[in-house]
Amino acid sequence: MTEATCRRELDLEIPAEEVQKAMERVAREFARVARVPGFRPGKAPVTLIRRRFAEDIKSEVLQSLLPERIEQAVTEQKMVPVTRPHVEQVDFAEGGPLKFKATFEVLPDFTLSDYQNLEVEVDALEITDAEIEKSLAEMRERAATFVPVEGRPIADGDYAQIELVGTPVGGGEPLRGENVLCHIGAEETLGAFSENLRGAQTGDHRRFEVRYPEDFPDPKLAGKVYTYAIEIVANKEKKLPELNDEFAKDVSEAATLEELRGKIRQNLEAERDLRRTHQAHDRIVSKLIAAHDFPVPEALIEQQMDVRLERAIRSLAAQGVDPRAVNVDWVTLRRRQRDRALEDVKAELILDRIASAEGIEADEQEVQRQIALLAERSGESATAVQARLTKQGALDRMKSKLRSDKTLEWLYKKTRIRTKSE
């Protein structure tokens with residue numbers, strides 16, 4: 001047994017008398033149902049049954065006695081296993097004791113440090129006039145209109161309205177687009193489009209080749225070459241609305257531009273307060289992790305690495321990207337998650353211990369609210385969501401997460417939060 005890990009090895013022994021009783025009991029059970037030539041069912045002598053089915057009886061005895069002895073030892077030593085015991089070095093001799101070794105991982109035993117008098121520092125995150133003006137500029141961009149440009153060719157800064165057909169070199173499904181706006185000369189526009197459309201007139205046709213870089217954001221296009229046939233439908237320029245009271249009324253419920261600025265400030269302050277809370281939560285957890293030194297079960301770290309990898313895959317899928325089409329070394333990516341996964345597990349163990357110490361639990365109403373929220377997002381009924389979570393074994397995980405979140409919020413209220421001075 002190594003103290004620096006959660007791996008435990010127990011050398012266990014079951015007395016010969018207990019083993020003998022189990023052998024006799026199992027032999028009698030076999031005798032009741034076994035079919036032996038020359039004897040009616042259930043009438044064969046037990047001694048014959050023990051010779052004829054020796055290995056089967058031995059296997060049955062092992063399956064019966066080993067788990068009971070392991071559970072007894074675990075209870076006596078106040079361990080909480082997190083993996084199924086691996087049994088080896090079984091010594092099972094006729095008439096003697098049953099000896100074996102059981103190896104498994106357990107939850108670590110540690111003493112909580114002071115968690116009721118924490119102090120953390122968060123960033124000031126002041127809201128500046130420049131941020132308000134930036135938000136106004138973004139609102140103007142969203143409210144912009146595109147108006148036709150007459151009498152001149154397409155130039156940098158214009159938006160070419162085009163219809164296109166892109167044929168992959170080497171064969172494949174073509175790309176088609178109608179009424180596509182191509183911002184000429186812009187950073188987000190591939191150079192080949194700007195170069196070939198600059199100087200064109202409405203009604204012109206262009207044909208050119210585009211080689212997409214290997215790191216292009218769309219994996220369906222990354223590293224590929226397309227030949228494009230393009231018709232210029234119109235040349236347009238972006239018109240931003242005037243920044244005045246009318247603009248404020250058009251884009252919000254504010255009556256004046258100054259009132260809109262005030263509402264923007266309120267929204268930014270609410271977002272800032274939320275960021276500060278999240279930052280405080282993160283720093284509380286970091287402080288707790290730093291204050292507690294104990295080993296973490298490898299099995300739980302492996303599970304959390306899988307969770308983190310699955311989260312990354314779901315994030316790609318939510319963006320419409322097929323994870324199988326992405327050029328990513330998933331094995332290496334998973335391995336890089338180890339340090340963060342270890343911290344996740346350690347934090348969860350500490351929060352669980354604090355919750356137990358303070359009697360913090362997720363009540364049924366909180367669980368049902370979370371289920372209702374998941375149902376609303378998925379379009380299922382709450383009953384269907386609860387049934388699915390139960391079937392997947394995820395309901396207990398959800399309750400555990402709610403309990404941890406509740407514990408972290410309890411700690412947040414107890415912690416002294418200082419704002420970092422600039």
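Here are some notes:
- Residue tally, condition free of Cβ contacts under 8 Å to residues at least 40 places away in the same chain and out of contact with any Ser or Thr (no Cβ under 9 Å at 6 or more places or on another chain), over segment 82-91: 4
- Segment 132-185, subset over 24 Å from residue 208 (Cβ atoms) and of a type in the set (Val, Ile, Thr), residue surrounded by the fewest Cβ atoms within 10 Å (Cβ to Cβ): 145
- Within segment 303-317, the set of residues being charged (D, E, K, R) and surrounded by 15 or more Cβ atoms within 10 Å (Cβ to Cβ) comprises just one member, 308.
- The number of residues in segment 373-408 that are without any contact (Cβ under 8 Å) to a residue 12 or more places away in the chain, assigned to a helix (DSSP H, G or I) and small (Gly, Ala, Ser) comes to 4.
- Residues of segment 318-334 classified as in a helix (DSSP H, G or I) and exposed (fewer than 11 other Cβ atoms within 10 Å of the Cβ), total: 4
- Looking only at residues in segment 22-67 that are basic (Lys, Arg) and surrounded by fewer than 13 Cβ atoms within 10 Å (Cβ to Cβ), the one that is modelled with the highest pLDDT is 28.
- Any chance residue 193 is more than 21 Å from residue 151 (Cα to Cα) and either at pLDDT 95 or above or in contact with a helix residue (DSSP H, G or I) (Cβ under 7 Å, 6 or more places away or on another chain) (or both): yes
- Residues that are touching a Ser or Thr at 6+ places or on another chain (Cβ under 9 Å), part of a helix (DSSP H, G or I) and surrounded by 16 or more Cβ atoms within 10 Å (Cβ to Cβ), drawn from segment 226-260: 248, 260
- Every pair of residues 6+ apart whose Cβ atoms lie under 7 Å, when the first sits in segment 317-344 and is in contact (Cβ under 8 Å) with a residue 40 or more places away in the chain and in the same structural domain as residue 303 (by TED's automatic domain parsing) while the second is of a type outside the set (Asp, Glu) and part of a helix (DSSP H, G or I): 326/316; 341/301; 341/304; 341/305; 341/308; 342/301; 343/289; 344/304
- Those strands (runs of 3 or more DSSP E) of segment 141-224 in which at least 2 residues are in contact with a Leu (Cβ under 8 Å, 6 or more places away or on another chain) and touching a residue at least 60 places away in the same chain (Cβ under 8 Å), considering only elements entirely within it, cover 159-168.
- Flag for residue 315 being closer than 30 Å to residue 139 by Cα, out of contact with any Pro (no Cβ under 9 Å at 6 or more places or on another chain) and of a type in the set (S, T, N, Q): yes
For (1) surrounded by 11 or more Cβ atoms within 10 Å (Cβ to Cβ); (2) touching an Asp or Glu at 6+ places or on another chain (Cβ under 7 Å); (3) in a loop (DSSP other than H, G, I, E, B), each residue gets a yes or a no:
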{"position": "94", "(1), (2), (3)": "yes, no, yes"}
{"position": "105", "(1), (2), (3)": "yes, yes, no"}
{"position": "114", "(1), (2), (3)": "no, no, yes"}
{"position": "127", "(1), (2), (3)": "yes, yes, yes"}
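The values are calculated or read from the model by the stated rules, or taken from the named source; none is laboratory data. Values in this document were obtained by computation on a predicted structure and should not be read as measured data. Reconstructed Cβ throughout: ideal geometry from the backbone, glycine too, with neighbour counts over all protein chains shown.
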